[in-house]
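Participant: This is the structure, below, for whatever I ask next.
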Amino acid sequence: MSSRLSRGLRNLNPGNIRRSKTRYKGEKSHSTDPAFKQFESLEWGYRAVFMLLHTYRVRGYGDTIATMIARYAPPSENDTQAYINRLVRATDIAADAPLDTLSGEQMIPLVCAISAVENGVAADREAVTRGWELFISSL
């Protein structure tokens, strides 16, 4: 892939999920990026974003755009409020409205918006939808 692509797209990690002990399906076993995970395909990278947001909800870390993004993109590294505002504008979902992380109607547009914020370009909606299908089929 071209070096002109954002780091997230080069890593097939459109959510820019940081390296951690958590292993996701489709994650490369040997990442060459010292800070961020790398995936086998864009779809697996999107699946990981869906899984991460779902995990936030089920573990009680938050169920709204505001609470999820405060954890996902903390103020120590991001302008979290600006990030939240962009997602609200892109999805037409209120920052404090409870999300159903098992609703494609809510989550596909949200993950498209997260990808756009993280990578500076519109998400590939087809790849996001395939990531959603991978996520849903794995529950």
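Participant: Angle between the Cα long axis of helix 42-58 and the longest principal axis of the chain, 0 to 90 degrees, nearest 10?
Facilitator: Approximately 40 degrees, to the nearest ten.
Participant: If you wrap a convex hull around the alpha carbons of segment 7-137, what volume per residue comes out, as a whole number of Å³?
Facilitator: On the way: hull volume 13.3 nm³, N = 131.
Here the figure is 102 Å³ per residue.
Participant: I've got another one for you. For segment 95-100, take each phi angle, set θ = phi - 60°, evaluate the Karplus expression 6.51 cos²θ - 1.76 cosθ + 1.60, and give the result in whole Hz per residue in order, putting x for glycine and proline.
Facilitator: For segment 95-100, the Karplus-derived couplings read 4, 9, 7, x, 9, 9 Hz, x marking Gly and Pro.
Participant: Return one number: the angle in degrees, 0 to 90 and rounded to the nearest 10, between the long axis of the Cα atoms of helix 80-91 and the longest principal axis of the Cα atoms of the chain.
Facilitator: Roughly 80 degrees, rounded to the nearest 10.
Participant: In which sequence would Arg47, Arg57 go, from the one with the fewest C-beta neighbours within 10 Å to the one with the most? Could you put the intermediate results ahead of the total?
Facilitator: Numbers: Arg47 28, Arg57 18.
The most exposed by this proxy come first: Arg57, Arg47.
Participant: Excluding Thr80 itself, calculate the net charge of residues whose Cβ lies under 13 Å from the Cβ of Thr80, where each Lys or Arg counts +1 and each Asp or Glu counts -1. Write down the numbers at each step before the final one.
Facilitator: Numbers: positive: Arg71, Arg86; negative: Glu77, Asp79.
Around Thr80, the surrounding residues sum to 0.
Participant: HN-Hα J couplings of segment 124-139 from phi, Karplus 6.51/-1.76/1.60, θ = phi - 60°, integer Hz, Gly and Pro as x?
Facilitator: Ordered by residue, 3J(HN,Hα) equals 7, 4, 5, 5, 4, 5, 5, x, 4, 4, 4, 4, 4, 6, 9, 7 Hz.
Participant: By counting other Cβ atoms within 10 Å of each Cβ, how are Lys37, Lys21 ranked from fewest to most? Can you show the working numbers first?
Facilitator: Numbers: Lys37 25, Lys21 4.
Exposure proxy ranking, most exposed first: Lys21, Lys37.
Participant: Using only the alpha-carbon atoms, how far is helix 104-119 inclined from the longest principal axis of the chain? Give it as 0 to 90 degrees, nearest 10.
Facilitator: Rounded to the nearest ten degrees, it is 60.
Participant: If you don't mind, another one. With the dipole of the chain worked out from charges on the C-beta (+1 for Lys and Arg, -1 for Asp and Glu) around the Cα centre, which of Val128, Pro75, His30 lies farthest toward the positive end?
Facilitator: His30
Participant: Can you put Leu139, Leu102 in order of Cβ neighbours within 10 angstrom, beginning with the fewest? Before the final figure, lay out the partial values.
Facilitator: Details: Leu139 7, Leu102 13.
Going from sparsest to densest Cβ surroundings: Leu139, Leu102.
Participant: Restricting to Cα pairs below 8 Å that are 6+ residues apart, what does the relative contact order work out to for the chain? Please round to a whole percent. Don't jump to the answer; show the numbers that get you there.
Facilitator: Details: 191 pairs, mean separation 34.9, N = 139.
RCO, the chain: 25 percent.
Participant: So if R0 is 25 Å, what FRET efficiency would Ala90 and His30 give, r being the distance between their Cβ atoms, rounded to the nearest 0.05? Present the calculation step by step, with values, prior to reporting the outcome.
Facilitator: On the way: r = 34 Å, r/R0 = 1.37.
That pair, Ala90 with His30, gives E of 0.15.
Just so you know, all these numbers are worked out from the coordinates, no wet-lab data involved. Bear in mind that the values here come from a model prediction, so they are computed numbers and not experimental data. Positions of Cβ are generated from backbone atoms using ideal geometry, with glycine treated the same way; all protein chains shown enter the neighbour counts.
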